[in-house]
Amino acid sequence: MGEKIKFSKGSWLENAGIVGIIRILGIDTDDDNGKNELVIDSSDLINFSEKYFKYFVTKYGRCTKYHDIISFRGQIDDWISGNLEKFDEKDKKKLENLLNKIKQFVDSKSYEKVKELINSKFDVENALKKCRNYYREYNKLCKVEDNDNKKSTSILEMMLKEIGNIIDYFDRDDSHKYFPAKIICYKIISMGWNNVAFLNKNSKEKDFIKEYNDYFINPVVEYFNSNHDKDKYLCSTCGRRIKKGKRCSYSYSFINGMGYDVEKKKSNSWNYVNDLLICPICNFMYSAIPAGFNYNYFDGKGIFINYTRNLNELVKRNDAILTKMISDSGEANRNAKSPYAAFVNSFNFKSIESSKYNLANIQVINFDNSKGCKYIFTTVPKLASAVLYDCINKSFGTDDNLISVLENAWIKDYRGIDRYKILDDVVKRIINSANMDSLIYTIELLKATDSNDLNYNDFCISAILNINYLYYKELNKEGGLGCMTIDEKDLKKFRREGIIIRDAYRSKYNENKAKGLAYRLLQNLKANNQQEFLNNILNSYLYLDRIIPSEFISKQGQDIEFNQLGYAFVAGLISDSKDNVEK
């Protein structure tokens, strides 16, 4: 062909597709700093379909059950070469989990659709059936007090060898090529586009790599081999001349959340004639959107930073996010970073050239598959950039900052989410220029009521109190408040005061009174009832024969400052560690 194919930066859709192509082809953009277009040679399309799926397997493959199965090869070899008579309950549990994982995978649609593409006559289902029978027999012998060790060891050895054969089947080159890629088709690629090529439910082609090539690559080749001088239509994205027809023009409807089905909804077009068409080249570009986006494999969420200054920075920013998101991920620990955590950590706020407004005016596109392929668009304001800068650069504890300390904080089964990540809520609020008051109320209330479904501690609550203070401090600089007179020392002071009151109640064997007081104070803060808050505080201090801090009196009528001090006081009241004062 010998054609040069140019892709120009545009909206976030085009930019995500361009980043995807760069990632798939492994193009180094450092030399193109300042440029706003990508140019590839038509020869790059040769074997592109192979590279397309290889990219996804490289990035997300270790999150799959398939990866866990083939990764167990070393453990099987260690067991076989070792002393099987020392095979204990812990080992047996690992083996049981592996058998369950293999069964789940063999029962899946991905396995069923791919097995015919594997050039092997090995019967995985039959081998698995043997292994499960071996395991049941081995398990029965283990429960007998005076069991025949030689017999149980022999059964165990036969089972491990059969499992080794199953792993060898999955560890073949063609298995590596097809199995993880097929899983990722449904888990990752379908979050970007759907209902065409191998994701079309009516597709009869079993080789999805070939089908991708037929649907997205071959039409591009055909386009460049044809003359388009007499074509009447223009591509809605790039302006190339096209004609209507199969393999000549396409619609946006295959991209999730974009366009509409032009066959079923003809009335959406002017005079029932759809002219919103795209050329094969742009259709190919949009197929790379899933590679350009940055997804969390486990929760169906993704993020893309539409950093529009130049192509090199666009790629670097998104690469940094994807690296953060998948660095610790895996099916075994399901520990992929949330998109929001990766987003904040991807910006090096501590570099010499960094400024507080490094993030200002950047468009952030969030994707949530659990909400029906919903996209959320946000432009980061200056205030949010400054707050995030302060949060990253403020040391908190030994090795943490205000953001990193919240990375593993979550609430179980909250708002319909299995693990509601507190950091996501915090960053969303900052980006949307919102305070943390209602979040602080929620996490303190749950802790005060001794909920068992919490994975955060006093340190996390203190971090959010400090983030809330930084937000109000920055808002005050921009003239959004009057004159704010409190600082972080006041928050620490009132948190200490809460701890003192908690300990005073404990000394009188009335520990539950501290949490009862915390509950009442939280209701007062939520209702903005400062008078009732002071009444409750005063009663407690009189009961404990202590002097109430003067700031509670002097800050009456100053809602923001009063509430911050109030929440800091409650944080001390509900604290459950012996030393709760930040270093």
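The values are calculated or read from the model by the stated rules, or taken from the named source; none is laboratory data. Keep in mind that this is a model prediction, so the values were computed, not measured. Glycine also receives a Cβ, built like all others from the backbone with ideal geometry; neighbour counts cover every protein chain displayed. For the accessible areas, the whole protein counts, side chains as well, though only heavy atoms, and no ligand, DNA or RNA atoms are used. Shrake-Rupley method; radii C 1.70, N 1.55, O 1.52, S 1.80 Å.
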- Message: Give the lysines whose C-alpha is closer than 18 Å to that of residue 103, dropping any in the same chain fewer than 8 places away, or say none.
- Response: 65, 92, 93, 94, 113, 115, 129, 130, 161, 182
- Protein chains only, probe 1.4 Å: how do 368, 400 rank by accessible area, largest first? 400, 368
- Task: Order these peptides, 526-538, 426-438, 558-570, by their mean beta-carbon neighbour count within 10 angstrom, highest first.
- Result: 558-570, 426-438, 526-538
- Item | When the chain is reduced to its Cα atoms, the Kirkwood hydrodynamic radius in Å | 28.0 Å
- Query: Where the only charges are on Cβ atoms (+1 Lys, Arg; -1 Asp, Glu), what is the dipole of the chain about its Cα centre, to the nearest 20 debye?
  - Reply: 1220 debye
- Message: What does the extension gain come out to for residue 151 and residue 112, with contour length at 0.36 nm per residue minus their alpha carbon separation?
- Response: 10.5 nm
- How would you rank 151-158, 402-409, highest first, on the average number of other Cβ atoms within 10 Å across their residues? 402-409, 151-158
- Task: Calculate the dipole size of segment 61-178 relative to its Cα centre from +1 charges on Lys and Arg beta carbons and -1 charges on Asp and Glu beta carbons; express the result in debye to the nearest 20.
- Result: 380 debye
- Spatially proximal aspartates and glutamates relative to residue 121 (Cα-Cα < 20 Å; intrachain offsets below 8 disregarded): 107, 112, 162, 168, 171, 173, 174, 207
- Pairwise centroid distance, computed over Cα atoms, of segment 139-190 with segment 208-239, Å: 45 Å
- Query: Per residue, how many Å² of accessible area does the chain show with a 1.4 Å probe?
  - Reply: 48 Å²
- Given the pairs 9/232; 204/230; 394/508, which span a C-alpha to C-alpha distance of over 28 angstrom in this model? 204/230; 394/508
- Note on the structure: Rounded to 0.05, the calculated FRET efficiency for the beta carbons of residue 276 and residue 419 at R₀ = 30 Å is 0.15
- Ranked by how many other beta carbons lie within 10 Å on average, peptides 372-378, 281-287 from highest: 281-287, 372-378
- Sum -39500 (n - 2.57) across every DSSP H segment of at least 4 residues in the chain, then divide by the residue count to get the 222 nm mean residue ellipticity, nearest 500. -15500 deg cm²/dmol
- Query: Label points 7 Å out from Cα along the Cβ direction at residue 246 and residue 3: separation in nm?
  - Reply: 2.1 nm
- Phi angles of segment 365-371, converted by Karplus (6.51 cos²θ - 1.76 cosθ + 1.60, θ = phi - 60°) into ³J(HN,Hα) in whole Hz with x for Gly and Pro, give 10, 9, 10, 10, 5, 6, 10
- Message: Using a 1.4 Å probe on the protein heavy atoms, what percent of the accessible area of the chain belongs to carbon and sulfur?
- Response: 45 percent
